[in-house]
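The values are calculated or read from the model by the stated rules, or taken from the named source; none is laboratory data. Remember, predicted model here, so these are calculated numbers, not experimental data. Virtual Cβ from ideal backbone geometry, glycine too; neighbours counted across all protein chains shown.
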Amino acid sequence: MHDNWITPEGFKTGIEEVAPKVYAYIQAYGELGVSNAGLLVDREGSMAIDALMVPSMTRRFLAAIKKVTNTPVTRLVNTHHHIDHSGGNFLFRDAEIISHTYCRAEIERTGLPVDFFQKRMPRFAAEFPRLKLAVPEVTFTDRLVFHVAGREVELRHLGPAHTFGDAFVYLPKEKVLFAGDLAFYYVTPLAFQGHVGNWIKVVDRILKMDVDIIVPGHGPIGGKKELQEMRTYLVMIRREAKKRFAAGMTAEQAARDMKLGIYARWREPERILPNVMRLYQEFRNELDQPLDVLKMFEGMRQLRAEWHAADAPDTCCI
Ligand SMILES: [Zn+2]
């Protein structure tokens, strides 16, 4: 199954200009810990969108930035608190860091649990101890607009979705939207700290916006077509999980029972388990409770082992 992923053409690591002086920085192949970023270049100073996770990633991003501009990055947006978007914050020394209020609170609350990251993402274990905590300095709740050198940059939050503090960055003139983890393309969305029902509504609102290009948090650059495909996944798992919830199945049973169709070929399909676990919390009105993360990782490991039983065991481990 693991070599069966959909990999659109041009899905490779690197920086790409998606509108004049607007860049997407993509990391192939978008798996756990491997996210995308953005850059808006202006004469007075540039704005980066997300900082990636470990120093080797952030340094590659910074090197790519140097190739397209000499101006320093003076602003950095965190689209949400997850470490693969905020771990590199401390390497943007000249930047004021901006996020949703909840995102800041979560970064401050969780700090840097190095052991936990090393166990969950062993591929990057050597780099986690080098991280330094850098918490956002400016926060907003619904909307914050920057007017820089004739360009409008809107930061917006439309309610709980992938997390409870997601922000996206919208450029109305350029019709470009940096979605953070509100969008996953060809990589299975992960809702373990989110709200699937509301995520669908947030996607609906984005689909109504005047946007041509959407840079997802994970996966290649796309647009509304890919966002619609991701929406279909969320709608499907919510509907199918609800049936199984009503029939008295456990989340683990439901996740195994559900047919993923084309989404079995999106990377990390085992995320169906945390997604169903979270949906069960949604159905029980328990979204204020954290998901049992250890149980979730163990469950995903088991699912991978079952699905990959005929393959080499080392295909699993990030
Ligand atoms: Zn995330």
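A few notes on this one:
- Positions within the range 72-104 being outside any loop (DSSP other than H, G, I, E, B) and away from the ligand (no atom under 16 Å from the Cβ), in sequence order: VAL73, THR74, ARG75, LEU76, PHE90, LEU91, GLU96, ILE97, ILE98, THR101
- Restricting the range 1-38 to residues that are modelled with pLDDT of 95 or more and touching a Ser or Thr at 6+ places or on another chain (Cβ under 6 Å), the residue that is surrounded by the fewest Cβ atoms within 10 Å (Cβ to Cβ) is ALA28.
- Residues that are outside any helix (DSSP H, G or I) and charged (D, E, K, R), drawn from the range 195-234: LYS208, ASP210, ASP212
- Tally of residues being within 14 Å of the ligand (Cβ to nearest atom), among the aromatic types (Phe, Trp, Tyr) and part of a strand (DSSP E or B) across the range 145-191: 3
- Residue list for the range 43-64, restricted to those being surrounded by fewer than 22 Cβ atoms within 10 Å (Cβ to Cβ) and either out of contact with any strand residue (DSSP E or B) (no Cβ under 7 Å at 6 or more places or on another chain) or of a type in the set (Val, Ile, Thr) (or both): ARG43, PRO55, SER56, ARG59, ARG60, LEU62, ALA63
- Matching residues in the range 245-275 - criterion: being over 27 Å from GLY219 (Cα atoms) and without any contact (Cβ under 8 Å) to a residue 24 or more places away in the chain: ALA246, ALA247, GLY248, MET249, THR250, GLN253
- Selected residue (only one of LEU287, LEU291, LEU279 is in contact (Cβ under 8 Å) with a residue 24 or more places away in the chain, outside any helix (DSSP H, G or I) and under 18 Å from ILE200 (Cα atoms)): LEU287
- Residue match in the range 118-128 (condition: under 29 Å from VAL203 (Cβ atoms) and either away from the ligand (no atom under 16 Å from the Cβ) or of a type in the set (A, V, I, L, M) (or both)): yes
- Among residues of the range 65-91, those that are basic (Lys, Arg) and buried (at least 24 other Cβ atoms within 10 Å of the Cβ), counted: 0
- Hey, VAL54 within 16 Å of the ligand (Cβ to nearest atom), within 22 Å of ASP181 (Cβ to Cβ) and in contact (Cβ under 8 Å) with a residue 24 or more places away in the chain or not: yes
- If you go through the range 1-59 and pick out every residue that is under 19 Å from TYR170 (Cα atoms), outside any strand (DSSP E or B) and among the hydroxyl-bearing types (Ser, Thr, Tyr), you end up with 1.
- The condition (being in contact with a strand residue (DSSP E or B) (Cβ under 6 Å, 6 or more places away or on another chain) and within 20 Å of GLY33 (Cα to Cα)) is satisfied by just one residue among ARG301, ARG271, ARG267: ARG267.
- For the range 119-130, the count of residues that are within 29 Å of ASP292 (Cβ to Cβ), in contact with a Phe, Trp or Tyr (Cβ under 7 Å, 6 or more places away or on another chain) and at pLDDT 95 or above is nonzero.
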